[in-house]
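**Q** Pasting a structure below so you can have a look.
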Protein chains: 4
Amino acid sequence: MKLIVVDNYEELSQLTAAALLGYMLNTQGRINVAVTGGNSPIRAYEILSDKIRGKDYLNNVHYYNFDELPYRTKDAEGITVSDLRRIFYEPAQIPESQIHKLDENNYTEFDAQIAKDGGLDLILMGIGADGHFCGNLPGTTEFKDFTSRVNTTPELKEMMKAHYDDPADVPDYYVTMGPASVMAAKNLLLIASGKGKADIINKFVHNNVSAEYPATLLKMHPNLTVIVDKDAAALLPGTN
Amino acid sequence: MKLIVVDNYEELSQLTAAALLGYMLNTQGRINVAVTGGNSPIRAYEILSDKIRGKDYLNNVHYYNFDELPYRTKDAEGITVSDLRRIFYEPAQIPESQIHKLDENNYTEFDAQIAKDGGLDLILMGIGADGHFCGNLPGTTEFKDFTSRVNTTPELKEMMKAHYDDPADVPDYYVTMGPASVMAAKNLLLIASGKGKADIINKFVHNNVSAEYPATLLKMHPNLTVIVDKDAAALLPGTN
Amino acid sequence: MKLIVVDNYEELSQLTAAALLGYMLNTQGRINVAVTGGNSPIRAYEILSDKIRGKDYLNNVHYYNFDELPYRTKDAEGITVSDLRRIFYEPAQIPESQIHKLDENNYTEFDAQIAKDGGLDLILMGIGADGHFCGNLPGTTEFKDFTSRVNTTPELKEMMKAHYDDPADVPDYYVTMGPASVMAAKNLLLIASGKGKADIINKFVHNNVSAEYPATLLKMHPNLTVIVDKDAAALLPGTN
Amino acid sequence: MKLIVVDNYEELSQLTAAALLGYMLNTQGRINVAVTGGNSPIRAYEILSDKIRGKDYLNNVHYYNFDELPYRTKDAEGITVSDLRRIFYEPAQIPESQIHKLDENNYTEFDAQIAKDGGLDLILMGIGADGHFCGNLPGTTEFKDFTSRVNTTPELKEMMKAHYDDPADVPDYYVTMGPASVMAAKNLLLIASGKGKADIINKFVHNNVSAEYPATLLKMHPNLTVIVDKDAAALLPGTN
């Protein structure tokens, strides 16, 4: 694990964009990248979008979402892909042919499809204050699981409400790449920003690997880079 | 994980030798391999020794042991390296300059030394009937641990007696690369042979990752090959 | 370049088989290997066939031929694939779905197809006494060429006759992966056996890169392993 | 080869800095980078220096110069390292322990030292209007050469004068990584900017590999990325 502590969110975003762009520039042939929604990567995507928009020389880069919150009834793309379109795919003008969607209809074949595409080269992830990564929240998936359907408990539904305009749209399940799918990628990039992540980053670095904080598993990957800002690193010894 | 089930111990040994030799032949520059003692690899080492003995073109291959059982009082090399010398290093005539010993004196710097040497390219491991790998027995190390000293409980000492001619030589501790050290290697190769391994191989394949059977962690490595014979695979569905 | 000199053809064949098998065992995901016809690999294929025949765990390995001599009129598969079927694909019982043919109909799309398949991981090649590799004979292709059609001069046709039962079948052209296609592979493995190769191996090792002996270009690949027996190495200083 | 055409020198510099920084962020363990002096990379080094200055998390990155013009008599570091210090090492505050100098005293052991250090991961190079790369000018080294001493002809001395304040300091020889040393690196990054490079970039892309324009050899590397601005790409079909 390479742990990088930077001064602030802007520097974290610059480095994250450089890590993604650098990988794309240095690699020949098809590149498969799974990307995260949420707040952490928003500025990185802004920076990256300005550098990759309309660039034909990056048409070998393919993008995947690693989880999806579908709508219960509404006939629409799920929350994650909609989010990614808004904060990254549309501003960066990624051609539709380079966007590969995980959703409630294809999740059982998703790992096989990725293997057929050559495997994931890089996954960009955030980490939740509860230690989740992708849709692997404590108590949902097991470490051995590949891409899975997670049936939503009342507690999960309560949390998921924040993502839906209409509470009636909160579904009975969502889908996510499981821990085993994520660990099979060639490279992992984990980012965290802000004081709200200080406790989990401290646990991530120091705690043992455990299902209580699923992201602790990621420490076991041979090619993991972690970029955090000072606020997220506030509880690490020697950082402040 | 690539799971390979072969007919018998001889075929397992042939494939294991080919996996090691093939890696050595195909790779430019220094190659660092950690190798296991014990019974499982004996025949593979016989086959391999005949192919690499005295071959100058393999002088870029360096060998490491990943655990060591020292003697309590006797001034001698530990059990693991002694075993490796007998079953592999001596028959293969590996030059001393290519042998790198982990022992009770250098274990605190071992991970740093391996990093300085360029990291481990490949680790050949067995799996214990209790789910241990290297010296990571249930209840000894944690997944997050790097190379460590394990203080030996009375139960461990009882088990360790089998390795010592004189029970008085059983030490109060041994050293081992920890789970985090092993997972940092570029490639892992796990072998298991015989009916005595059938139960643990079934658990390894199907159980979740857990400290109860430490080797289950290895399933999370992106470059893991597992070679087992039919006896060791006897409880896997579809094998018999 | 890693240069390996072995005692004889049998040892060369054992190592060649181990290099191929080892690569297959150690690699996760799809593996694309281009293989050579001709006499040099015959024994290696015998050894390898016994180890891979009917092995489901190698169904991720895909095979390509890198040149093809078509028939002028006869409606049949070309000389190279026919040869490969006889000496390797059939004895090894490679499923048809894992065999990818280069021929006179698809050569213009062959490089693109290989790129789509993830690129070649490994090419096993021989070297001609005239310094040719694949179908890149002196005076035919240029180093910058990708997969190409070579129009056959009277001299080339005279040489090609040896491959055809009926001289009327010698065609006006053949197809071959060009030097640029070969150099784009991740790993190259070059083998040579016998006194008839001693002169070209000496030139290969010592001469500058030049179109006169096209194989000299291969020395520039960052992952090249060369295996030769003592007879082929007879003119290298320090070998005898 | 991945060929990237960008609008202008600023965009070229941004991408070059991102390619270097991205490689550093994504890679675990020691990273060895050979870097070029001259005008082309000046702005990229400015951008990069601001991002890497004082960053402890990049203390695993080691820098090498790939050629050196010594002084004939003056007891001072050569022209290339002095240039690199001014435009990159000093502004970026690279610790001296991460700077590895090729010079007239160590060139015979330089390839062996690099091999011992784990090989070069990445070389950043420019291309001369005459087709040279590193110190490999037409008529100096051969493609098969590793790191070499080049005796300077009167014509070379005349060209070299531009680099020296005092013409009496122009030496009788310089040293350079040879074509074979460069091709042995894992990744190559070639940059060119300005109308003065348009002719050689056109030749680089379209001509055959030849000693007349030594950089044409680089097209044969399996991991080559080329970044040029529109001016340097002016003669490439379809660019304007």
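The values are calculated or read from the model by the stated rules, or taken from the named source; none is laboratory data. It should be emphasised that the depicted structure is a prediction, and the values quoted were computed from it without experimental measurement. Positions of Cβ are backbone-derived with ideal geometry, glycine not excepted, and every protein chain shown enters the neighbour counts. Keep in mind that these areas ignore ligands, DNA and RNA; they rest on the heavy atoms of the full protein, side chains included. Shrake-Rupley method; radii C 1.70, N 1.55, O 1.52, S 1.80 Å.
**Q** Which count do you get for residues in the range C:113-128 that are among the aliphatic types (A, V, I, L, M), buried (at least 18 other Cβ atoms within 10 Å of the Cβ) and farther than 20 Å from C:Ile191 by Cβ?
**A** Restricting attention to the range C:113-128, the residues satisfying the condition of being among the aliphatic types (A, V, I, L, M) are C:114-115, C:120, C:122-125, C:127.
Adding the requirement that they be buried (at least 18 other Cβ atoms within 10 Å of the Cβ) leaves C:114, C:120, C:122-125, C:127.
Okay, now just the ones that are also farther than 20 Å from C:Ile191 by Cβ, so C:114.
Qualifying residue count, the range C:113-128: 1.
Conditions (1) within 14 Å of chain C (Cβ to nearest Cβ); (2) among the aromatic types (Phe, Trp, Tyr); (3) open to solvent by less than 20 Å² (accessible area, probe 1.4 Å), marked per residue:
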position	(1), (2), (3)
B:Ala44	yes, no, yes
B:Lys55	yes, no, no
B:Tyr71	no, yes, no
B:Glu90	no, no, no
B:Asp111	no, no, no
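**Q** Another question, then. Sort through C:Lys230, C:Lys161 and tell me the only one that's surrounded by fewer than 21 Cβ atoms within 10 Å (Cβ to Cβ), basic (Lys, Arg) and touching a strand residue (DSSP E or B) at 6+ places or on another chain (Cβ under 8 Å).
**A** That would be C:Lys230, the only listed residue that is surrounded by fewer than 21 Cβ atoms within 10 Å (Cβ to Cβ), basic (Lys, Arg) and touching a strand residue (DSSP E or B) at 6+ places or on another chain (Cβ under 8 Å).
**Q** Now for a separate question. Of everything in the range A:177-213, what is part of a loop (DSSP other than H, G, I, E, B), closer than 16 Å to B:Lys144 by Cβ, touching a residue at least 24 places away in the same chain (Cβ under 8 Å) and facing another protein chain (nearest Cβ under 9 Å)? Give them in sequence order.
**A** Result: A:Ala211, single match.
**Q** Looking only at the range D:172-181, decide whether some residue is touching a helix residue (DSSP H, G or I) at 6+ places or on another chain (Cβ under 9 Å) and over 21 Å from D:Thr153 (Cα atoms).
**A** yes
**Q** From D:Thr216, D:Thr225, grab the single residue that is over 22 Å from D:His100 (Cβ atoms), away from chain C (no Cβ under 13 Å) and polar (S, T, N, Q). Give the steps one after another, and end with the answer.
**A** Values: D:Thr216 fails: away from chain C (no Cβ under 13 Å).
It is D:Thr225.
**Q** Looking at C:Gly38, C:Gly29 in this structure, which one is under 21 Å from C:Thr176 (Cβ atoms) and open to solvent by 20 Å² or more (accessible area, probe 1.4 Å)?
**A** It is C:Gly38.
**Q** Name the residue, out of D:Leu156, D:Leu120, D:Leu124, that is at negative phi and more than 14 Å from every other protein chain (Cβ to nearest Cβ).
**A** D:Leu156
**Q** Please find, within the range A:143-155, the residue that is nearest to the chain's Cα centre (by Cα) out of those that are crowded, with 17+ Cβ neighbours inside 10 Å and over 19 Å from A:Asn65 (Cβ atoms).
**A** Checked the range A:143-155; the qualifying residue nearest to the chain's Cα centre (by Cα) is A:Phe143.
**Q** May I ask you to verify whether B:Asn59 is touching a Pro at 6+ places or on another chain (Cβ under 9 Å) and either aliphatic (A, V, I, L, M) or more than 9 Å from chain C (Cβ to nearest Cβ) (or both)?
**A** yes
**Q** Looking at (1) in contact (Cβ under 8 Å) with a residue 12 or more places away in the chain; (2) surrounded by fewer than 21 Cβ atoms within 10 Å (Cβ to Cβ), which is the one condition that is false for C:Asp50?
**A** Here C:Asp50 clears every test but (1).
**Q** Condition test on D:Gly131, is it on the phi > 0 side of the Ramachandran plot, assigned to a loop (DSSP other than H, G, I, E, B) and crowded, with 19+ Cβ neighbours inside 10 Å? Walk me through it before giving the result.
**A** Numbers: on the phi > 0 side of the Ramachandran plot: yes; assigned to a loop (DSSP other than H, G, I, E, B): yes; crowded, with 19+ Cβ neighbours inside 10 Å: yes.
Against the criterion (on the phi > 0 side of the Ramachandran plot, assigned to a loop (DSSP other than H, G, I, E, B) and crowded, with 19+ Cβ neighbours inside 10 Å), D:Gly131 qualifies.
**Q** Run D:Arg86 past the list (1) touching a residue at least 12 places away in the same chain (Cβ under 8 Å); (2) of a type in the set (D, E, K, R); (3) open to solvent by 60 Å² or more (accessible area, probe 1.4 Å) and report the number of the one that doesn't hold.
**A** Every condition holds for D:Arg86 apart from (1).
**Q** Still on this model: Can you go through A:Ala233, A:Ala168 and tell me which one is aliphatic (A, V, I, L, M), farther than 18 Å from A:Gly37 by Cα and modelled with pLDDT under 95?
**A** Just a single option satisfies the conditions, and that option is A:Ala168.
**Q** OK, next. Could you say which residue among C:Thr225, C:Thr140, C:Thr216 is among the β-branched types (Val, Ile, Thr), assigned to a loop (DSSP other than H, G, I, E, B) and open to solvent by less than 50 Å² (accessible area, probe 1.4 Å)?
**A** C:Thr140
**Q** Tell me the helices (runs of 4 or more DSSP H) entirely within the range B:8-90 that contain at least 3 residues that are closer than 30 Å to B:Pro171 by Cβ. Give the derivation first.
**A** Numbers: elements: B:9-26, B:42-52, B:79-84.
Here the list reads B:42-52, B:79-84.
**Q** Right, next: Looking at the structure I just gave you, is D:Thr147 in contact with a helix residue (DSSP H, G or I) (Cβ under 9 Å, 6 or more places away or on another chain) and farther than 28 Å from D:Asn202 by Cβ?
**A** Yes: the conditions hold for D:Thr147.
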